[in-house]
Amino acid sequence: MEIEQKIIFSGEQLDVYFASYVGMEGGNPAAAIWFCDSTPHPWTESLLAPLIPRRHPGAWDAAFRATNREAMERWQSHQKVARIMCAARTQVLGPSREISSWQDYYANHLYAPGGAEFKLSLFPLPAHLVGDQPWSKAFRGQPELVPKQRYLERCRNGGRFRFISEIRRRWRPKLVVCLGERHREDYVRAFGLERASARDYVLQPADLAKTLRLFEADGTTWVICPALAGASGLTSDVLLEAMGRYIARWLEPGDFPN
């Protein structure tokens, strides 16, 4: 990640910049299913002047895949999303010659323009910066970003969370899968779920049981699930495929474009 050190960004500049598709992998916002993570990974944009908001979502199109083909082999969290989506697709459509495996789905279909899913993030900047620099060192000289808590509160109280809520109301996905239960409060806050009806569901394939928290409001269901990494996360193939079969109950054949 390249960071501008000569220009000090104002809170207003950052707020306008963050209230956009910056830091989102994108895909198809009109898709029935969205995936939301707390922070973006990987990070491919720079925090350089002038800060230009992303008014339109990006996607993993042919040019993106050609440029990042080798790097994609290391993006394990996205590979796990592909496993979930491939299992959901198979549950809805049955086995397919067009997409024979999750590897095929990942290499050619995940986050595609006009595809079956959209990927966004609560916060626009990565949790882990290039070279694993401490946050305070990476953003030294940027008083609106240091300490990190100031940046997080700006996103929560400013344009970032409002933007997330606005695009959800605009596109009205059937389902939003929120990755990482420890960020539940921020998911609730960003999507305005404080008054939404909620219930739990226990996902228990032939593996350890995982509790999912479900919210329903305004025609959308949110599923807050464990993260896709860590000892308590959705990390096994069994759990990922079970998650895919579970979310398939909200989907229908037309939700998987050719």
Value of relative contact order over the chain, rounded to a whole percent, pairs C-alpha under 8 Å and six or more apart: 27 percent
Probe 1.4 Å, accessible area per residue of the chain, Å²: 48 Å²
Cα-centred dipole magnitude for segment 1-157, charges only on beta-carbon of K, R (+1) and D, E (-1), debye, nearest 20: 200 debye
Other-chain or far-sequence residues with amide H under 5 Å of E117's (modelled H): N28, Y111, A112
Computed [θ] at 222 nm, deg cm²/dmol, the chain (DSSP H ≥ 4; -39,500 (n - 2.57); rounded to nearest 500): -10000 deg cm²/dmol
Cβ-based charge dipole, the chain, positive-most Cα from G244, L203, N258: L203
Heavy atoms of D255: accessible area, 1.4 Å probe, square angstrom to 10: 30 Å²
Sequence-distant lysines (8 or more away, or on other chains) whose Cα lies within less than 30 Å of K137: K6, K119, K148
Square roots of five times the Cα gyration tensor eigenvalues for the chain, Å: 30, 21, 17
Student exercise, segment 40-88 dipole from Lys, Arg, Asp, Glu Cβ charges, in Debye to nearest 20: 140 debye
Using alpha-carbon coordinates, inclination of helix 237-247 to the longest axis of the chain, degrees: 90 degrees
Calculated FRET efficiency for the pair L48/H128, C-beta based, R₀ 22 Å, to 0.05: 0.65
Whole-percent carbon and sulfur share, accessible surface of segment 8-165, 1.4 Å: 50 percent
Label-to-label distance, nm, for residues given as N68 and A229 (7 Å Cα→Cβ offset): 1.5 nm
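The values are calculated or read from the model by the stated rules, or taken from the named source; none is laboratory data. The model shown is predicted, which means the values in this text are computed figures rather than measured ones. For neighbour counting, all protein chains shown are included, and Cβ atoms are generated from backbone atoms with ideal geometry for every residue, glycine included. Just the protein is used for accessible areas: all its heavy atoms, side chains included, with ligands, DNA and RNA removed. Shrake-Rupley method; radii C 1.70, N 1.55, O 1.52, S 1.80 Å.
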